[in-house]
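Q: Below is a structure I'd like to ask you about.
Values in this text are rule-based calculations from the coordinates and carry no lab data. Note that this is a predicted model, so its numbers are computed, not measured. Don't worry about glycine lacking a Cβ; one is built from the backbone with ideal geometry, like all the others, and counts go over all protein chains shown.
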Amino acid sequence: MTRLSRRSIAEYVATNLIEGTPSKKALLTELAAFLIDTQRTKELDLIVRDIEYYLAEKGYVRTNIVSAFDLSAETKKALEAFVKKATKATQVSLSSMVEPAVLGGVKISVPGRELDQTIARQLTVLKTRFKKV
């Protein structure tokens, strides 16, 4: 029996998620059973990342947003429009998280890219630049 690559597994799962057959629950159960049966459970994080990347190529983008405060519905809508335009996605799923350590601004992560406009990052950049001087 030949070993399936992570990418072929991810492509299979992503394609079936887009098509909607079988159900999401059945598909994820199948994936979990396969990974357990082939003793590849340690690859789960990489496979999930590959699934997200493949979905992004097909226009379905899952976005993680980190901010210091809760985002208003207006701000989320604006960020969704920004991500759609930047990635040329047809569907965007936003997942936001509040992390006070970022101090302000936002960090937007999509598969394969990240935009970090947080105050914490800007302070780190300044600190690094002054160390060199």
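Q: Could you grab me the full set of residues in the stretch 64-87 that are touching a Pro at 6+ places or on another chain (Cβ under 7 Å) and more than 18 Å from ILE119 (Cβ to Cβ)?
A: In the first step, residues of the stretch 64-87 are kept if they are touching a Pro at 6+ places or on another chain (Cβ under 7 Å); the result is 68.
None - no residue of the stretch 64-87 is touching a Pro at 6+ places or on another chain (Cβ under 7 Å) and more than 18 Å from ILE119 (Cβ to Cβ), so the list stays empty.
Q: Something else about it: Out of all the residues in the stretch 58-76, which are among the aromatic types (Phe, Trp, Tyr) and exposed (fewer than 15 other Cβ atoms within 10 Å of the Cβ)? Let's see the steps before the verdict.
A: Here is the first cut: in the stretch 58-76, the ones among the aromatic types (Phe, Trp, Tyr) are 60, 69.
Result: PHE69, single match.
Q: Name every residue in the stretch 92-133 that is within 25 Å of TYR53 (Cβ to Cβ), more than 13 Å from the chain's Cα centre (by Cα) and of a type outside the set (A, V, I, L, M, F, W, C), in order of residue number.
A: Answer for the stretch 92-133, where residues must be within 25 Å of TYR53 (Cβ to Cβ), more than 13 Å from the chain's Cα centre (by Cα) and of a type outside the set (A, V, I, L, M, F, W, C): GLU99, ASP116, GLN117, THR118, ARG121.
Q: Quick check on my filter: what residues within the stretch 91-120 are surrounded by 13 or more Cβ atoms within 10 Å (Cβ to Cβ), among the hydroxyl-bearing types (Ser, Thr, Tyr) and under 12 Å from ASN64 (Cα atoms)?
A: Hits for the stretch 91-120 are SER93, SER96, SER109.
Q: Continuing with this model, one more query. Checking the conditions here, which among ILE18, ILE36 is under 25 Å from VAL110 (Cβ atoms) and out of contact with any Pro (no Cβ under 8 Å at 6 or more places or on another chain)?
A: Sole residue among the options that is under 25 Å from VAL110 (Cβ atoms) and out of contact with any Pro (no Cβ under 8 Å at 6 or more places or on another chain): ILE18.
Q: From the residues in the stretch 77-90 that are surrounded by 13 or more Cβ atoms within 10 Å (Cβ to Cβ) and not small (Gly, Ala, Ser), which one is farthest from ALA56 (Cα to Cα)?
A: The first filter runs over the stretch 77-90 and keeps only residues surrounded by 13 or more Cβ atoms within 10 Å (Cβ to Cβ), leaving 79-80, 82-84, 86-87, 89.
Among the residues that remain, those that are also not small (Gly, Ala, Ser) are: 79-80, 82-84, 87.
Working: LEU79: 17, GLU80: 14, PHE82: 15, VAL83: 11, LYS84: 11, THR87: 8 Å.
Looking at the filtered set, the residue picked out is LEU79.
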